[in-house]
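Here's the structure we're looking at; comments come further down.
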There are 2 protein chains.
Amino acid sequence: MTEINEIMYKNYQKEINECLLRITAKKPELQKIICEAMEYSLSAGGKRLRPMLVLEFARLCGDDYKKYLEIACCLELVHTFSLIHDDLPCMDNDDFRRGRPSCHKIYPESIALLAGDALNTLPFEIITDKAVEGVISCETAVKLVNVLSKAIGVNGMIGGQVIDIEAENRRISLDELNTLQSLKTGALIKASCVMGCILANRDDLIPFAESYADCVGRAFQIVDDILDVEGSFEELGKPIGSDSESKKSTYVTILGLEKSKEISEKLTKDALDVLENFDDTEFLKDVTKYLLVRKN
Amino acid sequence: MTEINEIMYKNYQKEINECLLRITAKKPELQKIICEAMEYSLSAGGKRLRPMLVLEFARLCGDDYKKYLEIACCLELVHTFSLIHDDLPCMDNDDFRRGRPSCHKIYPESIALLAGDALNTLPFEIITDKAVEGVISCETAVKLVNVLSKAIGVNGMIGGQVIDIEAENRRISLDELNTLQSLKTGALIKASCVMGCILANRDDLIPFAESYADCVGRAFQIVDDILDVEGSFEELGKPIGSDSESKKSTYVTILGLEKSKEISEKLTKDALDVLENFDDTEFLKDVTKYLLVRKN
């Protein structure tokens, strides 16, 4: 990334991180432990890709993005909910996440479960609070809640996790892997881009945001699979090779390393092409290229 | 209950049960198992108290309740989500629910977890779909989502579950138990009554709905605690005495059986008094009295 774009990304991350802390700042005495568990997982770092995409698409659509920080953070709340539940013993049973012990290794498993549940619901409270406060219209709030809830549910992220579980320990086809990925990771990334357009009242740009998200979401997952083979614990913050150990089908096991790299490059190029439909895209183009060469 | 009121309750239950089946009817091929798990837990029966309260308060407020069936069922989706997660090994580790094996005894634990997650999100999809379809206004949808998400979250049902976990194996005060109960069971019952008023566009009646719900919610929990001591497996559909075994503080362990019965009767009387602020309350009064003398 160019120096100026790196500063811009870091600035986004700083604002998002501060906003996430504000969201979990109030800790009612008797329920303090769940708020601490939520904060623990939310403050573990990460790229903050999803909230960044919300803000950036609102900005690309010509709107002042600053007033949408809390709404953008909702995507990180949902993402974090999915990570906490994914790490639980009955799911992937992962002891590490982003280089730190998983939520249920620090807090009782019951509290980790409920922290995930609370992070699943909180976005809908935040979005409708913003409508009540008059920051967004009720029409906009309804659209946002509709897009987000569908991206989470049986035909979105959760559905992708189910397909993932059902696909364990057997070879799956590339088509099946594409469906799995487009739901498990893709749905929330797409919702992020679309919600940015909705916030800026530019529903006409949604199809372009969706095309961009389709390409970037798939490229993102392929790079994840490549990193699981080529990365290191220090860079990833979790054990490498965990996918191949569990005999999971990935883009690398199905297509091989070379072909996977080729396709992720092609998808990144396609994503960059779609951005031609927006103005002032230098930053997002740079981020899109960075996602291809990232090390974690 | 009088015969006519019993028929009316059964009719509500029939309509609610049919609507719940419609909600889970579509089962995408690759994610079929999660839809089946959701349907399994939703079709286990139960009083359907929460959706009935939504519909009944909409009716008491003078609105034609039939068009709100799906929205009323959202309360049963949330309630069922909480039951599935409550039964998981890391929570209460209950093998039975409503006389049948718990969700995670029939489906893999991972699928049960995700089924709960999906039932947590689905209500927000359903409510905003109804706004998109024009059945309710966007303003109404925003209010409903706001009330429901707050009733679920850290300051609602989930918060109550956290206090419950934190209170295990130690004596708690009556005040603490009241707070615990008002969140764990009370929040969703209150949301049901309030959402009925919101649907009928009678926000002026919300304070009365809240007072009614406060009394009924507490009475409901006290009766639950009494049944845990006095009930039978056949009637309850779960092992009796499970609360006292786990050294849990309940209204019965804190107040004793006699005082618990006395208070639940007083609360029921207060609830009936509040209903004087509505017309055509014969049915709901009868149901309120039935909740006091129920056997499960």
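Working only within the stretch B:277-296, note down all residues that are modelled with pLDDT under 95, open to solvent by 90 Å² or more (accessible area, probe 1.4 Å) and closer than 25 Å to residue B:257 by Cα.
Correct list: B:293, B:295.
So if I check each of B:87, B:63, B:95, which one is touching a residue at least 12 places away in the same chain (Cβ under 8 Å), over 26 Å from residue A:148 (Cβ atoms) and open to solvent by 10 Å² or more (accessible area, probe 1.4 Å)?
B:63
Among the residues in the stretch A:165-185, are any within 7 Å of chain B (Cβ to nearest Cβ) and of a type in the set (A, V, I, L, M, F, W, C)?
Looking through the stretch A:165-185, at least one residue is within 7 Å of chain B (Cβ to nearest Cβ) and of a type in the set (A, V, I, L, M, F, W, C).
Can you confirm whether residue B:171 is charged (D, E, K, R), at pLDDT below 95 and over 15 Å from the mean Cα position of the chain (by Cα)?
For residue B:171, the condition - charged (D, E, K, R), at pLDDT below 95 and over 15 Å from the mean Cα position of the chain (by Cα) - is met.
Which one is farthest from the other protein chains (Cβ to nearest Cβ), of the residues in the stretch B:16-32 that are open to solvent by 80 Å² or more (accessible area, probe 1.4 Å) and modelled with pLDDT of 95 or more?
Filtering the stretch B:16-32 for residues that are open to solvent by 80 Å² or more (accessible area, probe 1.4 Å) and modelled with pLDDT of 95 or more, the one farthest from the other protein chains (Cβ to nearest Cβ) comes out as B:18.
Scanning the stretch B:98-117 for residues that are open to solvent by 30 Å² or more (accessible area, probe 1.4 Å) and over 15 Å from the mean Cα position of the chain (by Cα), which turns out farthest from the other protein chains (Cβ to nearest Cβ)?
Applying the filter and picking the extreme gives B:99.
Return the residues of the stretch B:38-52 that are open to solvent by less than 30 Å² (accessible area, probe 1.4 Å) and either touching a Leu at 6+ places or on another chain (Cβ under 8 Å) or in a loop (DSSP other than H, G, I, E, B) (or both); say none if nothing qualifies.
Result: B:38, B:41, B:42, B:44, B:45, B:48, B:49, B:50, B:51.
Please specify each residue of the stretch A:172-230 satisfying the condition of being among the small types (Gly, Ala, Ser) and part of a helix (DSSP H, G or I).
Scanning the stretch A:172-230 gives A:182, A:186, A:187, A:191, A:192, A:196, A:209, A:211, A:213, A:217, A:219.
Residues in the stretch A:120-161 that are facing another protein chain (nearest Cβ under 7 Å), over 21 Å from residue A:83 (Cβ atoms) and in contact with a helix residue (DSSP H, G or I) (Cβ under 6 Å, 6 or more places away or on another chain): how many?
Of the residues in that region, 8 qualify.
If you go through the stretch B:71-86, how many residues are over 11 Å from the mean Cα position of the chain (by Cα) and closer than 17 Å to residue A:116 by Cα?
3
Spot the failing condition for residue A:92; the list is (1) modelled with pLDDT of 95 or more; (2) outside any helix (DSSP H, G or I), and only one is missed.
Every listed condition holds for residue A:92 apart from (1).
The values are calculated or read from the model by the stated rules, or taken from the named source; none is laboratory data. Because the structure is a prediction, the values reported are computed rather than measured. Reconstructed Cβ throughout: ideal geometry from the backbone, glycine too, with neighbour counts over all protein chains shown. Each accessible area value is taken on the protein alone, full model and side chains, heavy atoms only, with ligands, DNA and RNA left out. Shrake-Rupley method; radii C 1.70, N 1.55, O 1.52, S 1.80 Å.
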